[in-house]
Amino acid sequence: METVRFETDLSLFKYDNLEQLPPHYRGLEENERSERIEAAFDALGDDVVVLGHNYQRREIIEHADCIGDSYQLSKWAAESDAKYVIFGGVTFMAESADIITDDDQTVILPSMEASCPMAGMAEALQVDAAWAEITAETDERIIPITYMNSYADLKAFCAEQGGLVCTSSNASCAFEYAFEKGDKILFLPDKHLGENTAYQLGMEDEIVEWDPWDPESKDASKAVENDVILWDGYCQVHERFRVEHIEQIRADHPDVNVIVHPECRREVVEAADEAGSTARICETVEEADPGDTWAVGTEIHLTHHLQRWHPEVKVLPLCGEACMDCNAMRQIDPNYLTWILEELVEGRERNVIEVAPAEKELARVALNRMLEI
Ligand code: 13P
Ligand code: SF4
């Protein structure tokens, strides 16, 4: 069989209208910056809404109208009448907001360098080629499911092939939907979320990984002997958590409860007390009794926010402060927020995220299928 080679740029930065922060916005002092942001809000009034993902820095969260997980934020964007939706998050989240907001709303990502590496691990073109290889080996129906952390063109691809989108809180429902419609699943791009979900549904013996970067090890005829084909993508932040971190924190704090994000490795999810989306992590700490101790296995900024928001609960980072910082989320700098807002006051739109119309329509189908499950 001929091997398809990808010479295409698996681009980290999806949009070519990326604009950099003008030099005079660099290094603004926090008080001055906050005053300027608030002055811009006063000038723009109801025309603007700022959404802050749970992983954003404190300086962004403090100015956000809504704080939540990727799915909640897109829904808020759609419910808002604001002309400008400024997304404190990463590219795929801003795209999802653009897909479900009205055409007269403009979605802005302050820094377009805020690109989630996991979303970049499954480019639609690359998936399309793998799809041709895999489907050629079976007459059974394969349903593609893509995690929300993917680009709009991949969501559109899934819609075209009868598939859908899922989030970390409804992946098992998406699996059930797929097995009603077909015989097998291709799960993209996060292999850990896919594996954790398959285990949850008792399908641990039905899993195979598909590594798109290793032409030697890919075998489509072997892949289709299994019901759950996992694309070999992962989150570089969550993959760093290890079972030893859980063992250590249990030894240091015998009364600790552990919650992790399902982007963590399966053995980590199994060793934890609970696993769930960032919204579920927030709810768990919110509902904890005063004096309880929770260790949180996710991006470090959320752990810090939770400790600030719930001083009655002891919130610990699962493996100290080291390395659990999402570099993509970090790109949304409060200086960028100041610049974007002041440009809007002057009538200039910067760093607009606009999904192409045909892609948008199909991606919306995949998102709507998720909403219906
Ligand atoms: P949530 O959808 O749980 O907010 O997660 C998004 C994400 O990027 C996790 O790494
Ligand atoms: Fe992407 Fe991981 Fe960052 Fe989430 S934490 S935005 S999955 S790199």
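The values are calculated or read from the model by the stated rules, or taken from the named source; none is laboratory data. Predicted model, so just to flag it, every value in this text is computed and none were measured. As a convention, Cβ positions derive from the backbone with ideal geometry for all residues, glycine included, and neighbour counts pool all protein chains shown.
Counting only residues that are closer than 15 Å to Ile108 by Cα, part of a helix (DSSP H, G or I), touching a residue at least 60 places away in the same chain (Cβ under 8 Å) and more than 16 Å from ligand 2 (Cβ to nearest atom), how many does region 307-363 have?
The qualifying residues number 11.
How about region 112-153: which of its residues are away from ligand 2 (no atom under 14 Å from the Cβ) and of a type in the set (Gly, Ala, Ser)?
Ala124, Ala129, Ala130, Ala132, Ala136, Ala152
I'm checking my understanding of the structure. Among residues of region 75-101 that are in contact with a helix residue (DSSP H, G or I) (Cβ under 8 Å, 6 or more places away or on another chain) and in a loop (DSSP other than H, G, I, E, B), which one is nearest to ligand 2 (Cβ to nearest atom)?
Kept after step one, since they are in contact with a helix residue (DSSP H, G or I) (Cβ under 8 Å, 6 or more places away or on another chain), are these residues of region 75-101: 75, 77-78, 81-93, 95-101.
Right, trim to in a loop (DSSP other than H, G, I, E, B) and you get 81-83, 89-90, 101.
Working: Asp81: 28, Ala82: 24, Lys83: 26, Gly89: 8, Val90: 5, Thr101: 20 Å.
Here the answer is Val90.
Any residue that is touching a residue at least 12 places away in the same chain (Cβ under 8 Å), part of a strand (DSSP E or B), surrounded by 15 or more Cβ atoms within 10 Å (Cβ to Cβ) and within 16 Å of ligand 2 (Cβ to nearest atom) - is there at least one of those in region 31-49?
The answer is no; no qualifying residue exists.
Look through Ala94, Ala124, Ala77, Ala119 and report the one residue that is within 16 Å of ligand 1 (Cβ to nearest atom), more than 18 Å from Asn335 (Cα to Cα), free of Cβ contacts under 8 Å to residues at least 60 places away in the same chain and of a type in the set (A, V, I, L, M).
Working: Ala94 fails: free of Cβ contacts under 8 Å to residues at least 60 places away in the same chain; Ala124 fails: within 16 Å of ligand 1 (Cβ to nearest atom); Ala119 fails: free of Cβ contacts under 8 Å to residues at least 60 places away in the same chain.
On inspection, the qualifying residue turns out to be Ala77.
All but one of (1) loosely packed, with under 14 Cβ neighbours inside 10 Å; (2) touching a residue at least 40 places away in the same chain (Cβ under 8 Å) hold for Glu225, so report the exception by its number.
For Glu225, the failing item is (2).
With the requirement that a residue be under 20 Å from the mean Cα position of the chain (by Cα) and modelled with pLDDT of 95 or more, what does region 332-352 give you?
Filtering region 332-352 for residues under 20 Å from the mean Cα position of the chain (by Cα) gives 332-333, 351-352.
Scanning region 332-352 gives Ile332, Asn351, Val352.
Does Ile246 count as in contact (Cβ under 8 Å) with a residue 60 or more places away in the chain, part of a helix (DSSP H, G or I), touching a helix residue (DSSP H, G or I) at 6+ places or on another chain (Cβ under 6 Å) and away from ligand 1 (no atom under 16 Å from the Cβ)?
Numbers: in contact (Cβ under 8 Å) with a residue 60 or more places away in the chain: yes; part of a helix (DSSP H, G or I): yes; touching a helix residue (DSSP H, G or I) at 6+ places or on another chain (Cβ under 6 Å): yes; away from ligand 1 (no atom under 16 Å from the Cβ): yes.
For Ile246, the condition - in contact (Cβ under 8 Å) with a residue 60 or more places away in the chain, part of a helix (DSSP H, G or I), touching a helix residue (DSSP H, G or I) at 6+ places or on another chain (Cβ under 6 Å) and away from ligand 1 (no atom under 16 Å from the Cβ) - is met.
Could you check, for region 119-138, whether at least one of its residues is farther than 19 Å from Ala223 by Cβ and within 13 Å of the chain's Cα centre (by Cα)?
Yes, there is a match, as at least one residue in region 119-138 is farther than 19 Å from Ala223 by Cβ and within 13 Å of the chain's Cα centre (by Cα).
Under the condition of being part of a helix (DSSP H, G or I) and among the β-branched types (Val, Ile, Thr), which residue from region 59-74 is surrounded by the most Cβ atoms within 10 Å (Cβ to Cβ)?
First, pick out the residues of region 59-74 that are part of a helix (DSSP H, G or I): 59-61, 70-74.
With the extra rule that they be among the β-branched types (Val, Ile, Thr), the set shrinks to 60-61.
Details: Ile60: 26, Ile61: 21.
Per the stated criteria, the residue is Ile60.
With the condition being within 16 Å of ligand 2 (Cβ to nearest atom), I'd like the helices (runs of 4 or more DSSP H) fully within region 154-237 carrying at least 1 qualifying residues.
Details: elements: 171-181, 191-200, 220-223.
Result: 171-181, 191-200.
Conditions: (1) over 14 Å from Leu201 (Cβ atoms); (2) free of Cβ contacts under 8 Å to residues at least 40 places away in the same chain. Glu160 meets all but one. Number of the miss?
Unmet condition: (2).
What's the number of the only condition in (1) more than 15 Å from ligand 1 (Cβ to nearest atom); (2) small (Gly, Ala, Ser); (3) outside any loop (DSSP other than H, G, I, E, B) that Ser111 fails to meet?
Unmet condition: (3).
Among the residues in region 285-303, are any free of Cβ contacts under 8 Å to residues at least 40 places away in the same chain, farther than 23 Å from Leu193 by Cβ and not in a loop (DSSP other than H, G, I, E, B)?
There is at least one residue in region 285-303 that is free of Cβ contacts under 8 Å to residues at least 40 places away in the same chain, farther than 23 Å from Leu193 by Cβ and not in a loop (DSSP other than H, G, I, E, B).
Please enumerate the residues belonging to region 267-282 that are assigned to a helix (DSSP H, G or I), more than 12 Å from ligand 1 (Cβ to nearest atom) and surrounded by fewer than 20 Cβ atoms within 10 Å (Cβ to Cβ).
Quick first cut of region 267-282, residues assigned to a helix (DSSP H, G or I) only: 267-271, 278-282.
If we keep only those that are more than 12 Å from ligand 1 (Cβ to nearest atom) as well, we get 267-271.
Glu267, Glu270 - these are the residues of region 267-282 that are assigned to a helix (DSSP H, G or I), more than 12 Å from ligand 1 (Cβ to nearest atom) and surrounded by fewer than 20 Cβ atoms within 10 Å (Cβ to Cβ).
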